[in-house]
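*Asks:* I have a structure here, written as structure tokens, and I will follow up with some questions on it.
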Amino acid sequence: MTTRIYIAGPTSGHPGHKAAFARAAEAIRRGGCEPVNPADLDLGPKATWHDYMSAAQGLQRSCAATYMLDGWTESTGATIEWWVARALGHQIMGHPR
């Protein structure tokens, strides 16, 4: 079974976030693991930040590790994801702190 790695990082207010998440996903794939990319979520035009965070946390719980993108410490959502990763006992990769 392939290790699933959740990607966490800043999204709101970061126009290039999808490209940063895609680059991380490709690196994870090259490493032989399965990337789980919450930037690919599309919950529709009425979805709120809370809706996205709820969906993302469901994805994160399905993984064994979390990869933190650069700049995550400036993001409320990514900071929450870091704490969730710690609570789940995930290996935290990328830019852990």
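The values are calculated or read from the model by the stated rules, or taken from the named source; none is laboratory data. All of these numbers come straight from a predicted model, not from anything done at the bench. Neighbour counts run over all protein chains shown; Cβ positions are idealised from the backbone, glycine included. With ligands, DNA and RNA removed, areas are computed over all heavy atoms of the protein, side chains included. Shrake-Rupley method; radii C 1.70, N 1.55, O 1.52, S 1.80 Å.
*Asks:* Hey, could you check the stretch 73-83 for residues that are hydrophobic (A, V, I, L, M, F, W, C) and surrounded by 12 or more Cβ atoms within 10 Å (Cβ to Cβ) and say which is farthest from residue 24 (Cα to Cα)?
*Replies:* Per the criteria, the residue is 80.
*Asks:* Further question on the same structure: If a residue has to be surrounded by 17 or more Cβ atoms within 10 Å (Cβ to Cβ) and under 21 Å from residue 19 (Cβ atoms) to count, how many in the stretch 61-72 make the cut?
*Replies:* 5
*Asks:* Search the stretch 26-60 for residues being open to solvent by less than 50 Å² (accessible area, probe 1.4 Å) and over 24 Å from residue 2 (Cα atoms), and hand back the single one that is nearest to the chain's Cα centre (by Cα).
*Replies:* Selected residue: 53.
*Asks:* Then there is this: Take the stretch 5-37 and flag every residue that is modelled with pLDDT of 95 or more and closer than 17 Å to residue 79 by Cβ.
*Replies:* Hits for the stretch 5-37 are 6, 7, 8.
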